[in-house]
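The values are calculated or read from the model by the stated rules, or taken from the named source; none is laboratory data. A quick note: this is a predicted structure, and the numbers were derived from the prediction, not measured. Cβ placement follows ideal geometry from the backbone for every residue including glycine, while neighbour counts extend to all protein chains displayed.
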Amino acid sequence: MSMQDIESMMSSSDFVLDSKYEIENVLVLIQEIEAKAKFFKGLKQYRAKQLDQDVAELEGRAARMREVVLRTMVSTDPKKKTMHFPGTGKVTRRAGKSSWTIKDEKAVLKFLDEQGVKGQVIETKESINKKEASKVFDCFHETQVEIPGVEKKNAAEGISISYEEEKDSSHPSKADPGPLSSSPKQTAVDDISEQDL
């Protein structure tokens, strides 16, 4: 059975391989799929980073052009607050809103606490620590106490996969031949004897 056949048949929830020895082929396929997924994740991050840089550059260009428009309005007609360009749009000068930059948060919080207004500026968000809550829920469940607002989902059995380490990292496609190999070009598959099966 080819790998393509196996993968297409795996969409069925009750599919089972013909032989336990075919698991090795599936492991190879899983490893390839996971490597591809890892590559795509890296590519996504790279592209996102590049897009972030492109967006920042475009926003910077737009901001510089806004400054040019504002300076032009102020220098050519300082009293005029609005200019209308039919078919294109309207530009209105408006007063900017000042802002504060917090340089030392601890000092600011200490000052506000001393002034009795710290509570006005502090945001506290309650959230459940899911890991700890799970332990507490387990204790209640064991004592038959019903917990409102939660639902227990029993975990399905899974598998853990570990792959053989590769000796030569410059050739990631070559498997480690292992201690039974007589030739460095043999793969681990070649090393399996009938006794091992």
With the first residue restricted to the stretch 113-135 and required to be more than 30 Å from residue 152 (Cβ to Cβ), and the second required to be surrounded by 10 or more Cβ atoms within 10 Å (Cβ to Cβ) and among the small types (Gly, Ala, Ser), Cβ contacts under 9 Å at 6 or more apart or on different chains are none
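Looking at 18, 5, can you tell me which residue is within 30 Å of residue 162 (Cβ to Cβ), in a helix (DSSP H, G or I), at pLDDT below 90 and of a type outside the set (A, V, I, L, M, F, W, C)?
5
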Complete set of residues in the stretch 104-126 that are loosely packed, with under 10 Cβ neighbours inside 10 Å, of a type in the set (Gly, Ala, Ser) and modelled with pLDDT of 90 or more
116
Please work out which residue is farthest from the chain's Cα centre (by Cα), limiting yourself to the stretch 83-101 and to residues that are surrounded by 10 or more Cβ atoms within 10 Å (Cβ to Cβ) and aliphatic (A, V, I, L, M).
83
Which numbered condition trips up residue 61, out of (1) surrounded by 10 or more Cβ atoms within 10 Å (Cβ to Cβ); (2) closer than 23 Å to residue 162 by Cα?
(2)
Output for the stretch 104-121, where each listed residue is within 34 Å of the chain's Cα centre (by Cα) and of a type in the set (Gly, Ala, Ser):
none
Members of the stretch 122-153 found to be under 29 Å from the mean Cα position of the chain (by Cα), among the charged types (D, E, K, R) and either within 30 Å of residue 108 (Cα to Cα) or assigned to a loop (DSSP other than H, G, I, E, B) (or both), listed by number:
123, 125, 126, 151, 152, 153
